[in-house]
Amino acid sequence: QVQLVESGGGLVQAGGSLRLSCTASGRTFSTHTLAWFRQAPGKEREFVGNIRWSGGSPDYADSVKGRFTISRDNAKSTVDLQMNSLKPEDTAVYYCAAAAPFKLSVGMSRSSYVYWGQGTQVTVSS
């Protein structure tokens with residue numbers, strides 16, 4: 001079982017930036033597709049973006065495309081979410097998630113991800 005821990009959340013003004021990090025336990029980090037989700041109060045947990053174990057460009061939700069960037073460092077077992085041009089509607093708890101090892105065709109659905117972190121709060125003020 002993979003354990004994920006998020007960090008880097010906080011309070012930021014609209015238009016500002018934050019960088020979230022997710023650190024994973026174990027030795028199989030490079031075999032998992034990693035994703036970021038977020039959940040605002042009273043809403044469903046929604047997909048933000050992911051980066052596949054097999055490489056290639058990350059995928060992003062339309063709401064964050066062009067503003068957020070996902071990167072991973074397999075040597076450090078980390079995946080980061082760089083958030084720029086933040087908006088109040090970005091306010092949510094942000095979660096790191098991992099798919100099963102070597103899983104192909106991992107999409108945007110929560111059901112694709114079986115390992116989850118505890119989340120980190122991001123609050124964007126106007």
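The values are calculated or read from the model by the stated rules, or taken from the named source; none is laboratory data. All figures in this text were calculated on a predicted structure; none of them were measured in a lab. All Cβ positions, even for glycine, are placed from backbone atoms using ideal geometry, and neighbour counts span all protein chains on display. Remember, those area values only see protein heavy atoms, side chains included, never the ligands or the DNA or RNA. Shrake-Rupley method; radii C 1.70, N 1.55, O 1.52, S 1.80 Å.
Among (1) assigned to a strand (DSSP E or B); (2) open to solvent by 70 Å² or more (accessible area, probe 1.4 Å); (3) without any contact (Cβ under 8 Å) to a residue 40 or more places away in the chain, where does Val5 come up short?
Of everything listed in (1) assigned to a strand (DSSP E or B); (2) open to solvent by 70 Å² or more (accessible area, probe 1.4 Å); (3) without any contact (Cβ under 8 Å) to a residue 40 or more places away in the chain, Val5 misses just condition (3).
Looking for whichever is closer than 18 Å to Gly119 by Cα and more than 11 Å from the chain's Cα centre (by Cα) here; the options are Ala14, Ala92, Ala75. Which one fits?
Values: Ala14 fails: closer than 18 Å to Gly119 by Cα; Ala75 fails: closer than 18 Å to Gly119 by Cα.
Only one candidate passes the filter, namely Ala92.
Only one of Gln121, Gln82 is modelled with pLDDT of 95 or more, surrounded by fewer than 22 Cβ atoms within 10 Å (Cβ to Cβ), in contact with a Ser or Thr (Cβ under 8 Å, 6 or more places away or on another chain) and of a type in the set (S, T, N, Q); which?
Details: Gln121 fails: in contact with a Ser or Thr (Cβ under 8 Å, 6 or more places away or on another chain).
Exactly one of Gln121, Gln82 is modelled with pLDDT of 95 or more, surrounded by fewer than 22 Cβ atoms within 10 Å (Cβ to Cβ), in contact with a Ser or Thr (Cβ under 8 Å, 6 or more places away or on another chain) and of a type in the set (S, T, N, Q), namely Gln82.
Condition (residue is under 17 Å from Ala100 (Cβ atoms), in a strand (DSSP E or B) and basic (Lys, Arg)) applied to segment 26-35: is it met by at least one residue? Even if it seems obvious, please write down each step before you answer.
In the first step, residues of segment 26-35 are kept if they are under 17 Å from Ala100 (Cβ atoms); the result is 26-35.
If we keep only those that are in a strand (DSSP E or B) as well, we get 34-35.
Still in the list and also basic (Lys, Arg): none.
No: segment 26-35 contains no residue that is under 17 Å from Ala100 (Cβ atoms), in a strand (DSSP E or B) and basic (Lys, Arg).
For segment 1-46, name all the residues that are hydrophobic (A, V, I, L, M, F, W, C) and more than 19 Å from Lys65 (Cα to Cα). So that I can check it myself, show each step before the final result.
So the first thing to find is which residues in segment 1-46 are hydrophobic (A, V, I, L, M, F, W, C), and the list is 2, 4-5, 11-12, 14, 18, 20, 22, 24, 29, 34-37, 40.
Of everything in segment 1-46, those that are hydrophobic (A, V, I, L, M, F, W, C) and more than 19 Å from Lys65 (Cα to Cα) turn out to be Val2, Leu4, Val5, Leu11, Val12, Cys22, Ala24, Phe29.
Go through the residues of segment 88-100 one by one and say whether even a single one is open to solvent by 60 Å² or more (accessible area, probe 1.4 Å) and over 17 Å from Phe47 (Cα atoms). Show your work before the answer.
Taking segment 88-100 first, the residues open to solvent by 60 Å² or more (accessible area, probe 1.4 Å) are 89.
Filter again for over 17 Å from Phe47 (Cα atoms), leaving none.
Among the residues of segment 88-100, not one is open to solvent by 60 Å² or more (accessible area, probe 1.4 Å) and over 17 Å from Phe47 (Cα atoms), which makes the answer no.
Between a first residue in segment 47-71 that is over 21 Å from Trp116 (Cβ atoms) and a second residue that is open to solvent by 30 Å² or more (accessible area, probe 1.4 Å), which pairs have beta carbons less than 8 Å apart while being 6 or more apart in sequence or on different chains?
Listed pairs, sorted by first residue: Ser54/Leu104; Arg67/Asn84; Arg67/Ser85; Thr69/Pro58; Thr69/Gln82; Thr69/Asn84.
Among Arg67, Arg45, which is the only one that is among the basic types (Lys, Arg) and more than 25 Å from Ser25 (Cβ to Cβ)?
Details: Arg45 fails: more than 25 Å from Ser25 (Cβ to Cβ).
Matching residue, one of Arg67, Arg45: Arg67.
Tell me whether segment 60-77 contains one or more residues that are at pLDDT below 95, part of a loop (DSSP other than H, G, I, E, B), open to solvent by less than 30 Å² (accessible area, probe 1.4 Å) and in contact with a helix residue (DSSP H, G or I) (Cβ under 8 Å, 6 or more places away or on another chain).
yes
Based on what the data block shows, is Ser25 open to solvent by 60 Å² or more (accessible area, probe 1.4 Å), among the small types (Gly, Ala, Ser) and modelled with pLDDT under 95? Please lay out each step first, then the result.
Working: open to solvent by 60 Å² or more (accessible area, probe 1.4 Å): no; among the small types (Gly, Ala, Ser): yes; modelled with pLDDT under 95: yes.
For Ser25, the condition - open to solvent by 60 Å² or more (accessible area, probe 1.4 Å), among the small types (Gly, Ala, Ser) and modelled with pLDDT under 95 - is not met.
Filter segment 77-126 down to the residues that are without any contact (Cβ under 8 Å) to a residue 12 or more places away in the chain and either under 18 Å from Gly26 (Cβ atoms) or basic (Lys, Arg) (or both) and list them by number.
The answer is none; no residue qualifies.
Given the residues Ser111, Ser30, Ser54, which is the only one that is over 22 Å from Leu11 (Cα atoms), open to solvent by 60 Å² or more (accessible area, probe 1.4 Å) and modelled with pLDDT under 90? Explain how you work it out, then say what you get.
Working: Ser111 fails: modelled with pLDDT under 90; Ser30 fails: open to solvent by 60 Å² or more (accessible area, probe 1.4 Å).
Exactly one residue qualifies, and that residue is Ser54.
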